[in-house]
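Every number here is computed from the coordinates shown, using simple stated rules; none is lab data. This one's a predicted model, so the numbers in the text were calculated from it and none came from an experiment. Cβ: placed from backbone, ideal geometry, glycine included. Neighbour counts: every protein chain shown.
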Amino acid sequence: MESKQELTSVIVLNYNGMGNDYLPKCIRSLCKQTYPYLEIIVVDNASQDDSCQYLRQNFSDVKLVQLEKNFGFCQGNNEGYRESTGEFVLFANNDTVFAPNNIELLVRTLHDFPEAGMASAKLLRPLTQDSLKDRRIDSAGLMLQKNLTLRDRGYFILDEGQYDEKAYIFAPCGAAAFYRRSALETVLENGKVWDEDFFAYYEDGDLGWRLQNMGWSCVYVPTAVVEHYRGGSSPSAFFKKPLTFKVHTIKNRYLMLFKNAPFPILFKNLWSLLMQETFIWGYLLLHPKLLYTLVRSLTKTIPRALKKRQNSRFSNKSTAKGNSQFLFEAHPLTLDVKEPKSNKPV
């Protein structure tokens with residue numbers, strides 16, 4: 001058996017995962033991985049279905065962490081990380097299904113690129129009866145837009161090979177995000193990987209930006225494939241989402257920026273940023289309840305975000321140097337792309 005340094009910890013966050021057979025399909029796909037050195041940890045956010053009973057009866061080798069209530073994405077995954085021991089860590093939603101060679105390809109990539117602290121798989125939407133031939137992309141990794149919002153590359157467009165090149169990108173999508181433990185250890189906040197002020201949404205962008213600021217890069221691996229159901233049939237348009245979703249999404253973008261955005265990047269994209277802010281606050285003024293709830297949340301969390309920014313260690317004075325070329329635009333590795341400088345903290 002290989003050393004502990006080769007072990008990959010897979011942390012699956014679960015809440016009521018028996019619906020649509022999500023959790024069983026996810027765990028079965030992980031058990032079929034060609035990479036043998038795995039520990040699988042399921043963190044259950046106080047499910048009200050029989051998820052825990054199912055795991056105990058069918059997957060005795062899976063480590064089950066049961067939480068007393070639904071703590072959301074960030075705290076739930078932090079609990080799983082504390083239980084993990086692998087040199088590599090894969091955070092996965094329960095509505096993901098992994099191709100058999102997925103983890104093997106991601107591990108190999110981080111071996112081949114020692115400056116990379118993150119790797120992103122190619123996430124695809126599952127085939128349905130209505131689209132047996134039309135495979136759509138869910139995420140080819142995260143990038144920043146000039147208005148400093150996040151986008152999933154290729155989201156919901158037909159997969160016609162446009163994203164089949166390995167590339168440097170901003171960060172992996174949090175639904176299936178692969179990290180080097182030694183990289184995560186350089187950006188811990190009070191001993192935690194994920195910032196629990198986020199609860200959910202934009203947390204993958206925050207973690208990716210923290211790692212980029214420390215000099216770690218992210219490699220997109222198109223041959224490592226994951227199916228992502230995105231929770232089934234919830235409405236996709238922002239305006240149709242519930243109040244809680246809107247509050248977390250808007251709040252967390254501000255937290256990400258206050259914590260991580262170097263001033264040169266803010267100034268360089270000021271016009272696009274102002275246009276986005278005009279749209280957001282115009283929408284908020286038309287929805288007083290949303291505005292009130294958001295402002296209350298921001299007054300509590302922004303001071304903490306600024307303190308975390310003060311306490312963070314940047315390997316360069318700002319990401320405007322070094323890795324900034326990978327924040328807004330993917331760079332295929334087939335091109336003559338200058339690799340990031342050493343990621344070892346100074």
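Placing unit charges on each Cβ (+1 for Lys and Arg, -1 for Asp and Glu) gives the stretch 238-312 a dipole about its Cα centre, and among Trp271, Ile302, Leu284 the Cα reaching farthest toward its positive end belongs to Ile302. Computed over all pairs of different Cα atoms, the Kirkwood value for the hydrodynamic radius of the chain is 20.6 Å. Other residues with beta-carbon under 13 Å from the beta-carbon of Arg56 carry, at +1 per Lys or Arg and -1 per Asp or Glu, a net charge of -2. For Ala224, the residues 5 or more places off, or on other chains, whose built amide H falls under 5 Å of its own are Lys122. Segment Asp49..Arg309, full-extension length gain: 89.6 nm, with 0.36 nm per residue of separation and the alpha-carbon distance subtracted.
Helix content alone sets the calculated 222 nm mean residue ellipticity of the chain: runs of n ≥ 4 DSSP H residues at -39500 (n - 2.57) each, divided across all residues, give -11000 deg cm²/dmol. Between the stretch 237-264 and the stretch 274-309, the C-alpha centres lie 8 angstrom from each other.
Relative contact order, whole percent, for the stretch 18-95 stands at 37, derived from Cα pairs under 8 Å and 6 or more residues apart.
Listed values for the stretch 249-260 are Karplus-derived 3J(HN,Hα) couplings in whole Hz (6.51 cos²θ - 1.76 cosθ + 1.60, θ = phi - 60°), namely 5, 5, 4, 5, 4, 5, 4, 4, 5, 4, 7, 10, and x replaces Gly and Pro. If you take all other residues with their beta carbon under 13 Å from the beta carbon of Ala330, and give Lys and Arg +1 and Asp and Glu -1, the sum is 0. Annotation for Asp134 and Glu160: the two label points, set 7 Å from Cα along the Cα-Cβ direction, are 1.2 nm apart. Dipole magnitude of the chain about its Cα centre, charges +1 at Lys/Arg Cβ and -1 at Asp/Glu Cβ only, in debye to the nearest 20? It works out to roughly 1360 debye.
Measuring nothing but how far apart in sequence close Cα pairs (under 8 Å, 6+ apart) lie, relative to its length, the chain scores a relative contact order of 19 percent. Between the C-alpha center of the stretch 74-102 and that of the stretch 1-67 there is a gap of 9 Å.
Whole-Hz Karplus values for the stretch 67-73 come out as 9, 6, 8, 7, 8, x, 5 Hz, taken residue by residue from phi with 6.51 cos²θ - 1.76 cosθ + 1.60 and θ = phi - 60°; glycine and proline positions read x. When Cys74, Cys52 are arranged by Cβ crowding within 10 Å, least crowded first, meaning fewest neighbours, the order is Cys52, Cys74.
Can you quote the Å³ per residue value for the convex hull of the Cα atoms in the stretch 238-312, rounded to an integer?
Looking at the stretch 238-312, the number lands at 87 Å³ per residue.
Which log10 I(q)/I(0) values, to two decimals, does the stretch 1-104 give at q = 0.10, 0.13, 0.17, 0.25 Å⁻¹ under the Debye formula with one point per Cα? Treating every Cα as an identical point scatterer, log10 I(q)/I(0) equals -0.24, -0.41, -0.71, -1.48. Computed from point charges on the beta carbon alone (+1 for Lys and Arg, -1 for Asp and Glu), the dipole magnitude for the stretch 99-253 about its Cα centre is near 440 Debye. Rounded to the nearest Hz, the phi-derived 3J(HN,Hα) couplings of the stretch 209-222 under the Karplus curve 6.51 cos²θ - 1.76 cosθ + 1.60 (θ = phi - 60°) are 5, 4, 5, 4, 5, 8, x, 7, 9, 10, 10, 8, 10, x, where x marks glycine and proline. Taking every DSSP bridge with both residues inside the chain, close to 50 percent are antiparallel. Of all alpha-carbon pairs in the stretch 194-276, indicate the percentage at a distance above 17 angstrom. In whole percent, the share of Cα-Cα pairs in the stretch 194-276 beyond 17 Å is 63.
Divide the volume of the convex hull around the Cα atoms of the stretch 82-127 by the residue count and you get 101 Å³ per residue.
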